[in-house]
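Right, one structure below, let's go through it.
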Amino acid sequence: MNTEDIRRLYEYNAWANARALVAVGRLTAEEFARESGGSFASVRDTLVHMVWAEWVWLRRWLGESPRVTFDPAEFPDLARLRARWDEVERGRAEFIEGLTDESLQSVLTYTNARGEQWSYTLSDMLLHVANHSTYHRGTLTTLLRQLGREPVSTDFLYYIDDLPPAEPV
């Protein structure tokens, strides 16, 4: 894993999250918060978990160990959630821009919300977070279908197709 791969992965992750938020933006306020019986109570709660996870991992990469979670009630609508997500995306993009191939092999230690200490390479943590977001975008697809709504594809190759054509060499 190198910084070019990580940058590409996180450009894709941001693209896919943005597409998922567009699909969710078509929901009514009631549908956004409707109890779903899934891992998280609703579409909103699933999104709050996703943005919290991306936030908490960024904080860990920056040497902190936050022991708080986001309360879904803090995000009564998609606009508030998007504002927080944009903040996290900006911070993460800045962090990723400063990475080197060597820093990806650094072992970082953090303490989780239960007080347990864990250590992993930064590259493994970065891969974990992108994979976590992919998993929950799949959950959102299911929730949208259960609501009778049309999800969007966030497949990696659709991302590739959306990229501007490469400049001729």
Pairs needed: first member in the stretch 97-119, on the phi < 0 side of the Ramachandran plot and small (Gly, Ala, Ser); second member anywhere, surrounded by 13 or more Cβ atoms within 10 Å (Cβ to Cβ) and in a strand (DSSP E or B); C-beta distance under 6 Å; at least 6 residues apart or different chains. none
Does Arg67 satisfy being of a type in the set (D, E, K, R) and under 15 Å from the mean Cα position of the chain (by Cα)? no
Every pair of residues 6+ apart whose Cβ atoms lie under 7 Å, when the first sits in the stretch 1-26 and is closer than 20 Å to Leu143 by Cα and open to solvent by 10 Å² or more (accessible area, probe 1.4 Å) while the second is among the basic types (Lys, Arg) and assigned to a loop (DSSP other than H, G, I, E, B): Arg26/Arg149
Within the stretch 33-45, track down each residue that is touching a Ser or Thr at 6+ places or on another chain (Cβ under 9 Å), assigned to a helix (DSSP H, G or I), within 15 Å of Arg137 (Cα to Cα) and not acidic (Asp, Glu). Val43
Taking the conditions exactly as written (outside any helix (DSSP H, G or I), at pLDDT 95 or above, open to solvent by less than 70 Å² (accessible area, probe 1.4 Å) and under 20 Å from Ser65 (Cβ atoms)), does Leu126 satisfy them or not? no
Could you list, in sequence order, the residues of the stretch 32-54 that are on the phi < 0 side of the Ramachandran plot and open to solvent by 20 Å² or more (accessible area, probe 1.4 Å)? Ala33, Arg34, Glu35, Ser36, Gly38, Ser39, Phe40, Ala41, Arg44, Asp45, His49, Trp52
Selection from the stretch 72-83 of residues open to solvent by 40 Å² or more (accessible area, probe 1.4 Å) and either under 22 Å from Ala18 (Cβ atoms) or in contact (Cβ under 8 Å) with a residue 12 or more places away in the chain (or both) yields Glu74, Pro76, Asp77, Ala79, Arg80, Arg82, Ala83
Within the stretch 84-123, the residues that are touching a strand residue (DSSP E or B) at 6+ places or on another chain (Cβ under 7 Å), open to solvent by 30 Å² or more (accessible area, probe 1.4 Å) and of a type in the set (A, V, I, L, M, F, W, C) are Val107, Leu108, Trp118
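The values are calculated or read from the model by the stated rules, or taken from the named source; none is laboratory data. This one's a predicted model, so the numbers in the text were calculated from it and none came from an experiment. No Cβ is skipped: glycine too gets one built from the backbone with ideal geometry, and neighbour counts run over all protein chains shown. SASA here: full protein model, heavy atoms, side chains in, ligands and nucleic acids out. Shrake-Rupley method; radii C 1.70, N 1.55, O 1.52, S 1.80 Å.
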